[in-house]
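Okay, so here's the structure we're looking at.
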Ligand code: PHB
């Protein structure tokens, strides 16, 4: 098909992106151990994918406590900042742009992954149903420890420091991860937040932490270099909310004064979807760019742009197996299929060895 919209440039905050295809954040669990440090193969992986209009890195923990899986990178130590600097330099050398996704997993962790074997923390002492992959194999989630009110400023400070570190590493901006059942999402939705203080109860209170983190991060970057990711209908990591449409409308209205570059919305996560949610209403309420994610194809992305339902589309799994995805879309070239067994952890195999179109010839 010929594309009228997918390959047109557009503004994302203060940046002008050459087209609408963004690489979505994806956990690949291949940082150097110990220390959760980005390493040479990560540089190669991101560089290979720099024909994306924007790369959003895999989720990166803002502190040792924010970690929930082996091998995920951090953005709090000197070594991690240096490791990310090489990634940023390689992407910039290709003329592209990269934001880092700032992450705290909250209850989606395990004491074996936490400093001093402590319990993971969360808004409330409610275990997620499900299992976590640890060094001892798959184990049930533990009941987390509810954060004390006095600890919350320290978490916000970790986000602020991570935003400073991201600047030092040379990123073009940051994405606040408020989706998929991790800490900020755990505070936002009422299935996981049963607090009775100023961070629980009303929507205003449950959104408070996200807004305070946004305040902290935009104080470093300015809103035009900050995006936020949400998943209003996602049930991954045992999430639920009693009134999602009203909750996310409140959140978007409260985010608007920060003049963020974009709202990144997980509309479908790994096959799940809730057709009752009105994503277009969220797009209309938000004053920045709307980045759609989940199960899009080149054709449905084009249609969504044509209907003005979004400004950008982020692609995840297709970028794993197709480092030159935008070009493949443009040329209607066949797509490689990603091997799920190499999604998480391991070495270069299934990571940097997927062929470009040239390699196939
Ligand atoms: C995952 O590692 O499975 C994962 C990480 C971050 C997400 C979603 C999934 O936002």
(message) Based on the alpha carbons, how large is the Rg to Rh ratio for the range 1-160 when Rh follows Kirkwood?
(response) 1.04
(message) Sequence gap at least 6, Cα distance under 8 Å: using those rules, report the relative contact order of the range 233-361 to the nearest whole percent.
(response) 18 percent
(message) Show me the ranking of peptides 277-288, 10-21, 155-166, 170-181 by mean Cβ neighbours inside 10 Å, starting with the highest.
(response) 170-181, 155-166, 10-21, 277-288
(request) Pull out the extension gain between residue 256 and residue 145, defined as 0.36 nm times the separation in residues minus the alpha carbon to alpha carbon distance; nm, one decimal. (result) 36.7 nm
(message) Ranking request for peptides 99-106, 342-349: highest mean number of other beta-carbon atoms within 10 Å first, then the rest in descending order.
(response) 99-106, 342-349
(message) If packing is taken as the average number of other Cβ atoms within 10 Å across a peptide's residues, how do 47-54, 224-231 rank, most packed first?
(response) 224-231, 47-54
(request) Normalising by the residue count of the range 268-330, find the relative contact order in percent from Cα pairs under 8 Å and 6+ residues apart. (result) 31 percent
(request) With r as the distance between the Cβ atoms of residue 78 and residue 118 and R0 = 22 Å, compute the FRET efficiency 1/(1 + (r/R0)^6) and round to 0.05. (result) 0.40
(message) Give me Rg/Rg_expected for the range 19-95, where Rg uses Cα atoms only and Rg_expected = 2.2 N^0.38 Å with N residues.
(response) 1.06
(message) At 25 °C and a viscosity of 0.890 mPa s, what translational diffusion coefficient does Stokes-Einstein give for the chain, taking Rh as the Kirkwood radius over Cα pairs? Give it in µm²/s as a whole number.
(response) 120 µm²/s
(request) Note down the nm distance, to one decimal, between modelled labels 7 Å out along Cα→Cβ at residue 131 and at residue 334. (result) 3.6 nm
(message) I want to check the label-to-label distance for residue 41 and residue 202. Put each point 7 Å from Cα in the C-beta direction and report it in nm to one decimal.
(response) 5.1 nm
(message) Residues of the range 322-361 with backbone nitrogen within less than 20 Å of a virtual label 7 Å along the Cα-to-Cβ line of residue 297, please, listed as ranges.
(response) 322-339
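Computed from the coordinates by the stated procedures, all read-outs in this text should not be read as laboratory data. Not measured: the values here are computed from a predicted model. FYI the Cβ positions are ideal-geometry reconstructions off the backbone, even for glycines, and counts take in every protein chain you see.
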